[in-house]
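Below you'll find the structure, written out as structure tokens, and then a few comments.
The values are calculated or read from the model by the stated rules, or taken from the named source; none is laboratory data. Keep in mind it's a predicted model, so treat the numbers as computed, not measured. Here the Cβ positions follow ideal geometry from the backbone for every residue, glycine too, while neighbour counts run over all protein chains shown.
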Amino acid sequence: MPVIAGHGNPSGIFNTPGIPQFNPMMLLHGEETLEIFKPILPGMKVVCQEKLADFADKKKGAAAVMEKTIKNQENGEVLSKILTTIYIRGLGGFGHKQTVGVKFPKIP
């Protein structure tokens, strides 16, 4: 299930408080990570919650890290988490260093 910032909500990151207005043509897709904690079973109803996890200065641009959590609607159990990083060219220079890091599991 690929995730694009603003998917399902056309305004998405464009109306996020604290992020200045920018030209959408300056967006670049960065990286995505997917953690699966429990399977999503056929017929299961899920709830997806998305938030801006981090917004980091990359000098000539900014990196926005969007975090989507997929939960079982019935009991609230977290089934999976997706981190999507997008790069916005020309929006850097504000000084915030990235605080969200991706932790990869150890190889068995």
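Worth pointing out:
- Filter result (at pLDDT 70 or above and of a type in the set (Ser, Thr, Tyr)) within segment 84-107: THR84, THR85, TYR87
- Number of the condition not met by LYS60 [criteria: (1) buried (at least 17 other Cβ atoms within 10 Å of the Cβ); (2) within 21 Å of LYS97 (Cβ to Cβ); (3) of a type in the set (Lys, Arg)]: (1)
- Test: LYS38 is within 23 Å of ILE19 (Cα to Cα), exposed (fewer than 15 other Cβ atoms within 10 Å of the Cβ) and of a type in the set (Lys, Arg): no
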